[in-house]
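What follows draws every value from the coordinates through simple rules; no lab data is involved. No experiment lies behind these values; they were computed from the predicted model shown. Here the Cβ positions follow ideal geometry from the backbone for every residue, glycine too, while neighbour counts run over all protein chains shown.
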Amino acid sequence: MDAPEQARRLSGLYDDVLGGSRPATDPRPLVAASWERSLAAAVDPDLDLPPMILEQRMVEELRANHPLRAVLPVLRQTLTTIADEASHIMIVTDAQGMILWREGAADVKRTADRIALSEGAVWSEDKIGTNGMGTALAVGEPVQIHSAEHLVRRIHEWTCAAAPVHDPDTGKLLGAVDVSGPLRTVHPAMVALVTAAAQLAEGQLKVRMAAADEMLRARNMRHLMALGDAPGALLTPTGRVLAVQPLEWLPDRLVVPDGADRIDLGDGREGLVERLAEGYLLRMPGTPVRRSRPSLRLKLLGSGQPIAVVAGREIALTLRRAEVLALLLLQPTGLTAEQLMLQLYGDEGNPTTVRAEMHRLRNLLGGGVLDTKPYRIIADVTGDVTEVQQALRTGDLPKALDLYAGPLLARSDAPALRAERDELDATIRRAALDAHNADTLWRFAQTTTGAEDLEIFESLEAALPTDDPRHAAVAARLHRLLD
């Protein structure tokens, strides 16, 4: 059956069901259940537009902190080109059905604007009735809604397929990915396509979660090791168990209520939890409290003087000492003198020089900060570079830009740090370009990395409205970069 004929059949079925007549055939069970939920929520089939539409400023704030921001590149790669060719648009929503991103052919977007199928509109079932993304969120599985299967008549000229995306850590619903288009463009393969895109997104989130787990484990294992032979475990902020030492049995995840210092282990035992800078330390009653350690804060980004702050005491660092601490910060499990030599000097170095520098650095920072065999940071350490990396991994670009003061140790020629610096600069630059947001591009353009970047300023000029007061400055800088 072709699309117009199917639409006519569904329209007749729709009129019979909503008019109270006995239809010749019943609607699909998925659709019938969705209509029932939508009508119970008092959705009017003659509704004109979704009743809830947010301002662009609020949408940008929601997008900035949403986990699906991190997987937009894979969704674009999977769906946008196909959507353009098929006269569709790609849509990404949050768990409440709020449209956060919409991309695709300009003419289809203009048509979609007439029904507020656009960023800021809420397309949950209880707001606009049966539709692809709202119904996918409601049932937690991929769906396709065609023509008069939509409860609201004004949407009958559209067809859509959507699939939910879940958090691989908690299993919670994060949102939905949807492909929508005019009635004539219906294609049965769209359900398979959005399902594959959602699975790819979840896969990317899982990879990012694994990388974050490894970093958390490496930075916090010392807390578990400080218990000696006593039983304990290291938990993520969501209660997943990352590492255990002699403990008879423990589930994969524990519930840690906010502010709790004791939790049920699920078998009648009670554990003590201690909040760490990231995650929790679990220990059994009667085990010793971990030894307190000094705090270390490293400021390594930008062209200014690198700084170490030890227990509130600020220490200016020479370039070589900053390089050593940067490498140990980025390799929390530690490095031997030979490994440090290679990463600092390449094949031209001498381990004796490294050992002498480490001796001086340990005296400068004081006890409880650095350990030997291997060399590693044992203080409670934080650093601007690792915080920017973590923000980028979690898709929090505004936070990354807040923390990004410029390249990592811009004057360093250490081979390993050059590679880290280039990777960080390229990652944050790509994220700024992929955001397609004038304010984000402007913020990156103010950094030393972005200030001389022709592509950044070309994108910024295209993104800024002509009446924006920043437009003249951008045009002037672009003119200089093109000369």
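Worth pointing out:
- Total formal charge among the other residues, if their Cβ is under 12 angstrom from that of ASP413, Lys/Arg +1 and Asp/Glu -1: +2
- Cβ charges +1 (Lys, Arg) and -1 (Asp, Glu), total dipole of the stretch 329-483, debye: 620 debye
- Solution diffusion estimate, µm²/s, Stokes-Einstein, the stretch 248-345, Kirkwood Rh from C-alpha pairs, 4 °C, viscosity 1.567 mPa s: 76 µm²/s
- Each Lys and Arg contributes +1 and each Asp and Glu -1, all at the Cβ; summed about the Cα centre of the stretch 263-388, the dipole is approximately 500 debye.
- Counting charges near ARG153 (Lys, Arg +1; Asp, Glu -1) among other residues having Cβ under 11 Å from its Cβ returns a value of -4.
- Distance (nanometres) between label positions extended 7 Å along Cα→Cβ at ARG355 and LEU47: 7.4 nm
- Close amide H pairs (under 5 Å, H built 1.01 Å from N) link GLY383 with LEU298, residues at least 5 positions away or on another chain.
- Applying Stokes-Einstein at 25 °C and 0.890 mPa s to the Kirkwood radius of the stretch 296-374, computed over alpha-carbon pairs, gives a translational diffusion coefficient of 189 µm² s⁻¹.
- Placing dummy labels 7 Å off each Cα toward the beta-carbon, the span from ARG57 to ILE307 is 3.2 nm.
- Size of the chain from its Cα atoms: along the principal axes, largest to smallest, the extents are 88, 73, 36 Å.
- LEU39/ASP264 FRET efficiency (R0 45 Å; Cβ-Cβ; nearest 0.05): 0.60
- Entries in LYS109/LYS206; LYS299/LYS399; LYS373/LYS399; LYS206/LYS299 that, when Cα-Cα distance is taken, lie over 24 Å: LYS109/LYS206; LYS373/LYS399; LYS206/LYS299
- The chain: angle of helix 454-463 to the longest principal axis, Cα-based, in degrees nearest 10: 40 degrees
- A simple spin-label model places the labels of ARG418 and ALA476 3.6 nm from each other, with each point 7 Å out along Cα-to-Cβ.
- Excluding same-chain neighbours fewer than eight residues apart, the aspartates and glutamates reachable from LYS127 by a Cα-Cα span under 18 Å are GLU36, ASP44, ASP46, ASP48, GLU55, ASP94, ASP113, GLU119, GLU149, ASP178.
- Under the combined filter of DSSP loop state and at most 12 neighbouring Cβ atoms within 10 Å, the stretch 206-292 retains these GluC sites (Glu not before Pro): GLU248.
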